[in-house]
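The values are calculated or read from the model by the stated rules, or taken from the named source; none is laboratory data. Predicted, not measured: the structure shown is a model, and the values here were computed from it. Note that we place each Cβ from the backbone using ideal geometry, even for glycine, and neighbour counts take in every protein chain shown. The area values use the complete protein model at the heavy-atom level, side chains included, leaving out ligands, DNA and RNA. Shrake-Rupley method; radii C 1.70, N 1.55, O 1.52, S 1.80 Å.
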Amino acid sequence: MAAIAILGYGTVGSGVYEVLNTNTDSINKKALNPITIKYVLDLRDFPGDPVESILTHDFEDIISDDEVEVVVEVMGGIEPAYTFVKRSILKGKSVCTSNKALVAKHGAELLRLAKENNVNFLFEASVGGGIPIIRPIVRSITSDKIEEITGILNGTTNYMLTKMSEENLEYDDVLKDAQAKGYAERNPAADVEGHDTCRKIAILASLATEKQVNFEEIYTEGITNITKTDIDYVKKIDKVIKLVATASFDNGNVWARVCPLILEKDNPLSGVNGVFNAIKLTGNMLGEVMFYGQGAGKLPTAAAVVSDIVEAVRHKNINIGVHWSEEVQPLTNIDSVDVKKLVRVSYDDKAAAVSAVKHTFGDVEIIDGVADGEFAFITGVNTEANVNEKINNLLNSDSIEDILSTIRVELR
Ligand code: HSE
């Protein structure tokens, strides 16, 4: 018997309980040992719930019980999760977590401690919810050098952008809907400002480089500025907008970015809708491979956590060996990365404004008829710094009133 303890009986924690109790026989067979949930830790009481008899409010019950082999941290946040996880590992217990904030910040240290203590620190559910992506990177794509990772890593914002686009809705209405469906983080800023996506791409980039990619250094722009009119322009040019995370690894030149990106319709990411996530990896031998599935939600995320529990139970006293050192991976500033952008401008004098745009950007196509008093165009390809400088220069023209928005467009 392998005893486990679940820290946190919220959406994911109750999902872990449900998955283990639904697929019990096949899970136990794969784990090579029957799994028993010995404790559930939560500050709250759950009268009448099946976990009532195994509920504790005191982490000391768990840490002092040598029978507990695996601690499942699904509380979220850095503290007390970090302290509980670290103490568990130091006490010789494997830890499985869905907590991307914890993994992005302390993953390298916790992996080192797990190795030193001959246990495992596993975090499949921290990126892409139910999509297997950590294990494929660590255990499957071992023959390749990863050249690029790009994807849609946040279910909430993808749900919101999809709904805004398909139903012509405003941002605020779709945010409330996403929260009501339980997709959004407790603090929706983590989703809509891109912080959640940023931590996820930091984790993937760290695994790809085998070094610490600091999430604080990743350029991050969320979807809070995306309006219905922006989406109307995107539709007018027959493209799709997504919140896309990218990490590029080119012979030691590593950069990463999270931002709204306008995609061609034949880009496979453009067809990823609703709460679904997708991650596209490019390997130098393998070429492109894509992973697709539900990136948020109770049971998909819990299923990924349970797959880690199975892995931990199967590898009792055997450290699996995940390479992610505490050495910091320097990132190239995205100012030097090539981009092109859709730019919306408002004008006092349309003909003069068009002429100012063409003077600065060449003979670009003018996209108009979407909203009064404005038009848009797509810049040519240049570095982020150069494109931004040219866009700012437009404001020197008396005919241009303002830059209303700028959104990056995928490069082909
Ligand atoms: N809030 C996250 C999302 C949950 O929407 O993707 C999964 O990390």
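Multiplying the residue separation of N253 and S346 by 0.36 nm and removing their Cα-Cα distance gives an extension gain of 29.7 nm. Seen against the Cα atoms of the chain and their longest principal axis, helix 171-180 is set at about 10 degrees. Heavy-atom accessible area for M1, with the other protein chains in place and a 1.4 Å probe, reaches approximately 110 Å². For the chain, set up a GNM with springs between Cα atoms under 10 Å and report which of K38, K350, K200 has the largest fluctuation. Highest fluctuation among the options: K350.
Restriction of the GluC sites (Glu not before Pro) in segment 159-199 to DSSP coil positions whose beta-carbon has at most 16 other beta-carbons within 10 angstrom yields E170. Between 0 and 90 degrees, rounded to the nearest ten: what's the tilt of helix 81-90 against the longest Cα principal axis of the chain? Its long axis makes an angle of about 40 degrees. Counting pairwise Cα distances across the chain, what percent come out greater than 37 angstrom? Value for the chain (Cα pairs over 37 Å): 28 percent.
A simple rule links phi to the HN-Hα coupling: the Karplus curve 6.51 cos²θ - 1.76 cosθ + 1.60 with θ = phi - 60°, which for segment 347-352 gives 9, 8, 10, 4, 4, 5 Hz, with x for Gly and Pro. Taking all protein chains into account, the per residue accessible area for the chain stands at 42 Å² (1.4 Å probe). Figure note: R314, R344 ranked by solvent-accessible area, largest first, 1.4 Å probe, ligands and nucleic acids not counted: R314, R344.
Amide H contacts of S325: K211, Q212, each under 5 Å away and 5 or more positions distant or on a separate chain (H built 1.01 Å from N in the peptide plane; Pro and chain starts excluded). Bridges between two residues of the chain, per DSSP, are antiparallel at a rate of about 65%. Relative protection proxy for 102-112, 124-134, 382-392, 231-241, from highest mean packing down: 124-134, 102-112, 231-241, 382-392 (other beta-carbon atoms within 10 angstrom). Which one, S206, S165, S140, has the greatest fluctuation when you compute a Gaussian network model over the chain with C-alpha springs under 10 angstrom? Per the Cα network of the chain with a 10 Å cutoff, S140 tops the list. Between 0 and 90 degrees, rounded to the nearest ten: what's the tilt of helix 155-167 against the longest Cα principal axis of the chain? Between the helix axis and the principal axis of the chain, the angle is about 40 degrees. Could you work out how far the C-alpha centroid of segment 72-93 sits from that of segment 346-412, in angstrom? Answer, in whole Å: 50.
Give me the net charge of I134's neighbourhood, meaning all other residues with Cβ under 12 Å from the Cβ of I134; Lys, Arg count +1, Asp, Glu -1.
Working: positive: K100, R135, R139, K200; negative: E124, D308, E311.
Neighbourhood net charge equals +1.
For segment 129-144, putting each phi into the Karplus relation 6.51 cos²θ - 1.76 cosθ + 1.60 with θ = phi - 60° gives couplings of x, x, 6, x, 9, 5, 4, x, 5, 7, 10, 9, 8, 8, 8, 10 Hz, in residue order, rounded to whole numbers and with x for Gly and Pro.
Put simply, the amide H of C96, placed in the peptide plane, has neighbours under 5 Å in V71, V72, E73, L122, leaving out anything fewer than 5 places away on its chain.
Restricting segment 246-346 to GluC sites (Glu not before Pro) that sit in a DSSP loop and have at most 15 other Cβ atoms within 10 Å of their own Cβ leaves E264, E326, E327.
Using a probe of 1.4 angstrom, how much of the accessible area of the chain is carbon and sulfur, in percent? For the chain, the apolar C and S fraction of the accessible surface comes to 47 percent.
Bridge orientation summary for segment 27-134: considering DSSP beta bridges with both residues in this region, about 0 percent are antiparallel.
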